[in-house]
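Engineer: Let me begin by handing over the structure; questions about it come next.
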Amino acid sequence: MPVEEFVAGWISGAVGLVLGHPFDTVKVRLQTQSTYQGIVDCVVKTYRHESVGSPLVGGKESSGQVLGFFKGMSFPIASVALVNSVLFGVYSNTLLALTATSHQERRAQPPSYTNIF
C-alpha cells in the first residue's frame, strides 16, 4: 500500500484549510454579527483588533495572540487533513485494484483518463 497518497492527502487537506479558513471566518462573522459594514470592514477590524501585537484593553500590547482569521482552526485542520488523507489513499488503492497494476508499474506509466473514468 503506497504511503505517498496518504501523505499527499494530508498535505492537501491542511493547505486547503489554511487557505480557506480566513474566508470562512469572515463569512461567519458577517452572518452572525451586525457590527460590520461589509466584507472589507470585517477584514480590517479583525486584522486591527485581533492580530499579533494589537493593543488590548488597558493599552497593553499582546505578544502571543493568535491572528484572528485563524481562530478555531486546530480541530478542523486535524480532521480535514485526516479525511483527505483517507480519501486519497482509498482512491489510490481502488484505482490500483481496478486497473490490476502494481504500484511500481503505475508510477512508471500513470493511468490515462480512459482508465480512470
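Rule-based calculations on the coordinates, nothing more; no lab input. Quick caveat: nothing in here was measured; it's all calculated off a predicted structure. Cβ atoms come from the backbone with ideal geometry, glycine included; neighbour counts cover every protein chain shown.
Engineer: For q values of 0.25 Å⁻¹, compute log₁₀ I(q)/I(0) with the Debye formula on a Cα-only model of segment 1-50, without solvent.
Structural biologist: Evaluating at q = 0.25 Å⁻¹ gives log10 I(q)/I(0) of -0.89.
Engineer: Let me ask something else about it. Which of the peptides 28-39, 83-94 is most tightly packed, and how do the rest follow, judged by the mean count of other Cβ atoms within 10 Å per residue?
Structural biologist: Numbers: 28-39: 11.2, 83-94: 16.3.
Those peptides, ordered most packed to least, come out 83-94, 28-39.
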